[in-house]
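Note sheet for the following structure.
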Amino acid sequence: QVQLVESGGGLVQPGGSLRLSCAASGIIDSIYPVTWYRQAPGKQRDLVASISTSGTTNYADSVKGRFTISRDNAKNTVFLEMNSLKPEDTAVYYCHTIVGGRSWWGQGTQVTVSS
């Protein structure tokens, strides 16, 4: 059973920074693809950033240059470093992976950007 646990969300002022973590357990391989999504109230869940098994990264245009996705394979953890946060970044952030042909989601962590 794969489990993804997000952490690091919170309330931050515009222009501030947060680092989200996605810790995985139950995955035999130490390297697996991970995608961060976010969902604001009343809106669809959108892709934010992804990192492949080879380390290739991809970002939504709205976060390019501000967010960085990275991984610590030894800790089975993927990070999302978020800088220059804007009110429109407010959402629940989820991490996702596909392992063994199955889709797995974390429970989400709330990020609120407000003064």
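The values are calculated or read from the model by the stated rules, or taken from the named source; none is laboratory data. Predicted model only: the values in this text are computed from it and were never measured. Methodologically, a virtual Cβ is constructed for each residue, glycine included, from the backbone with ideal geometry; neighbour enumeration extends over all protein chains shown. Heavy atoms of the whole protein, side chains included, go into the accessibility calculation; ligands, DNA and RNA do not. Shrake-Rupley method; radii C 1.70, N 1.55, O 1.52, S 1.80 Å.
Some observations on this one:
- Beta bridge orientation in the chain: antiparallel %, DSSP, nearest 5: 95
- In this structure, GLN110 and SER54 have a Cβ-Cβ separation that, at R0 = 25 Å, corresponds to a calculated FRET efficiency of about 0.20.
- Gain upon complete extension [SER7, THR68; 0.36 nm per residue less C-alpha separation]: 20.4 nm
- Placing a pseudo-label 7 Å from each Cα along the Cα-to-Cβ vector at VAL99 and LYS43 gives an inter-label distance of 3.0 nm.
- Between GLU81 and ASP29, residue separation times 0.36 nm minus the direct Cα-Cα distance comes to 16.3 nm.
- Figure note: TRP36, TRP104 ranked by solvent-accessible area, largest first, 1.4 Å probe, ligands and nucleic acids not counted: TRP104, TRP36.
- Proximal lysines relative to LYS43, as straight alpha-carbon distance under 19 Å, when same-chain residues fewer than 8 apart are discounted: LYS86
- All-pairs Cα distance distribution in the chain, expressed in whole percent, bin size 5 Å: 2, 12, 24, 26, 19, 10, 5, 1, 0
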